[in-house]
Amino acid sequence: MRRKMHSVFHAREMARRRLPRFVFDFIEGGSLDEQTLRANRAAFEKVTFVPKSLSDVSHREQETRVLGQDIRLPVLLAPVGMTRLVAREGELAVARAAGKKGTVFVVSTASSFSLEEIAKVATGPLWFQLYLGPDRDLNASLVGRASDSGYHALCLAVDTPVLGKRDRDLRSGLTIPPRLGIRNIMDAAWRFSWLFDFLTGPKVVFGNFKDLVPGKSAVTMSAYVNQKIVNPGATWEDLAWLRDLWKRPLLVKGIMSREDAAKAVELGVDGIVVSNHGGRQLDGLPASLHALTEIADAVRDRAEILLDSGICRGSDVVKAVALGARACLVGRAYLWGLASRGEEGVGQILDVLADEIDRTLALIGRGKLSEVDRSAVRIPKAFLS
Ligand SMILES: Cc1cc2nc3c(=O)[nH]c(=O)nc-3n(C[C@H](O)[C@H](O)[C@H](O)COP(=O)(O)O)c2cc1C
């Protein structure tokens, strides 16, 4: 029997062995000097627990409800583009694993399979993450397709007016469709199982824009995304337009200040994802955990708050819940699982996080996730508004 992954960091090591360097770096990298990337992990170490001893934690519950949907653990799978680069079945494997483990998968605009293909294999709830591109008709058509395919919620990413500059991808020359230059070929040649999947599996494309992808000329990934998928001209008026168009739950992802959170709530969003995009967009932002309390205080119960960026442990999730998040999203954590073991690997990552959340709840003396509040942690002064 194959050895199970015992932690997210274990999965990362396995992914490092299976993937060529340019794919590993695509997952791992942040923007510019990666200060925000590092700050995300460091923030979780600054928040410490205050346990309640001898408080009968023999029965424990971590199920919760997000935007009207019950999930078995307070962890959702974040929207991630181009997962076909990471594993043969990309988002199809992620959707199946999410359904089996009872949580939500948020499908990216930049997914490598189309949102319809993903909906067809999904057995659990799906949300759709939208990038507002420059063409409003195309935006409206994506929203219509998500609605027709039964997506429960729409999640507008507001932190990507342009793509962040990621030196690692520029160095490796990541293109769409991917072309293996000499250096990448030499590296990939040793990663037999990845190379086999890459050469024999479905082509790596942006699944939702199959007709738009340039067939012959490879452009660098960031140039393609900047031209077609994101729009520096987007404003709050576009959010109001979207609110009108989409009648189901609407979230904004990438909010990092109380002012932006308040504006979004005034425009009628149902949820806010406090996120710095895992340190891949604006370098110089604080950790998302750092921004959480001021946003939670500003929003109170007018919208549900989720958090991502830097989550690698179940205890990180419990800390975020203590500071005001309903649940968390993970990105890299499940990508490492996907890279190592496909669908099974994503499932194992969710099991690992659920186990760590369960043990943390017991150790801090709060049997139920709903009992976790700020009394469960010591919060550094800098995190308080
Ligand atoms: C390889 C990769 C691709 C991503 N693609 C998208 C995307 O297409 N849309 C989006 O809103 N966020 C995207 N993100 C950001 C994630 O949704 C999420 O905010 C981030 O990964 C959370 O940080 P973590 O990776 O430390 O968990 C991407 C992240 C990674 C690592």
Problem - Matching strands (runs of 3 or more DSSP E) fully within the range 1-120 where at least 1 residues are within 11 Å of the ligand (Cβ to nearest atom), small (Gly, Ala, Ser) and under 22 Å from ARG248 (Cβ atoms) - result: 105-108
Exercise for the section: Under 7 Å between Cβ atoms, at least 6 apart or on separate chains: pull out the pairs that start in the range 321-347 with a residue that is farther than 20 Å from THR360 by Cβ and end on any residue that is aromatic (Phe, Trp, Tyr) and within 11 Å of the ligand (Cβ to nearest atom). Expected result: VAL346/TYR334
Problem - Residues located in the range 360-385, provided they are loosely packed, with under 14 Cβ neighbours inside 10 Å, part of a helix (DSSP H, G or I) and within 26 Å of the chain's Cα centre (by Cα) - result: SER370, ALA382
Practice task
All but one of (1) without any contact (Cβ under 8 Å) to a residue 60 or more places away in the chain; (2) buried (at least 24 other Cβ atoms within 10 Å of the Cβ) hold for ARG300, so report the exception by its number.
Solution key: (2)
Practice task
Collect the residues in the range 292-331 that are basic (Lys, Arg) and within 16 Å of ALA264 (Cβ to Cβ), keeping them in residue-number order.
Solution key: ARG300, ARG302, ARG326
Exercise for the section: Say whether the condition of being of a type in the set (Phe, Trp, Tyr) and within 16 Å of the ligand (Cβ to nearest atom) is met by at least one residue in the range 183-190. Expected result: no
Problem - Residue match in the range 110-117 (condition: buried (at least 19 other Cβ atoms within 10 Å of the Cβ) and either β-branched (Val, Ile, Thr) or over 30 Å from ASN184 (Cα atoms) (or both)) - result: no
Problem - Hey, ASP167 closer than 30 Å to ARG17 by Cα, acidic (Asp, Glu) and surrounded by fewer than 16 Cβ atoms within 10 Å (Cβ to Cβ) or not - result: yes
Exercise for the section: Enumerate the pairs (first residue in the range 225-245 and farther than 18 Å from GLY144 by Cβ; second residue anywhere and assigned to a helix (DSSP H, G or I)) with beta-carbon separation below 9 Å, excluding pairs fewer than 6 apart on the same chain, so at least 6 apart or on different chains. Expected result: LYS228/LEU138; LYS228/PHE209; ASN231/ASN139; ASN231/ASP238; PRO232/ASN226; TRP236/LYS263; TRP236/ALA264
Problem - Count of the range 119-142 residues which are over 26 Å from GLU89 (Cβ atoms) and touching a strand residue (DSSP E or B) at 6+ places or on another chain (Cβ under 8 Å) - result: 2
Completion exercise
In the range 134-143, residues that are surrounded by fewer than 20 Cβ atoms within 10 Å (Cβ to Cβ) and under 13 Å from VAL230 (Cα atoms) total 4
Fill in the blank from the handout: When the range 266-315 is checked residue by residue, the ones that are of a type in the set (Val, Ile, Thr), within 10 Å of the ligand (Cβ to nearest atom) and assigned to a loop (DSSP other than H, G, I, E, B) are ILE311
Problem - When residues of the range 215-265 are limited to those that are among the hydrophobic types (A, V, I, L, M, F, W, C), within 15 Å of the ligand (Cβ to nearest atom) and not in a helix (DSSP H, G or I), the one farthest from ALA298 (Cα to Cα) - result: VAL230
Handout entry: Selection status of LEU130, in contact with a Phe, Trp or Tyr (Cβ under 8 Å, 6 or more places away or on another chain) and in contact (Cβ under 8 Å) with a residue 12 or more places away in the chain
Key = no
Exercise for the section: Examine the range 51-71 for a residue that is within 23 Å of LEU306 (Cα to Cα), touching a Leu at 6+ places or on another chain (Cβ under 8 Å), of a type in the set (Lys, Arg) and at pLDDT 95 or above, and state whether such a residue exists. Expected result: yes
Completion exercise
In the range 307-334, residues that are under 21 Å from LEU251 (Cβ atoms) and either buried (at least 24 other Cβ atoms within 10 Å of the Cβ) or not small (Gly, Ala, Ser) (or both) total 19
Problem - Flag if ARG3 is without any contact (Cβ under 8 Å) to a residue 40 or more places away in the chain and in contact with a Phe, Trp or Tyr (Cβ under 6 Å, 6 or more places away or on another chain) - result: no
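The values are calculated or read from the model by the stated rules, or taken from the named source; none is laboratory data. The shown structure was predicted, so the numbers you read here are calculated from the model rather than taken from an experiment. All Cβ positions, glycine included, derive from the backbone under ideal geometry; neighbour counts span all protein chains shown.
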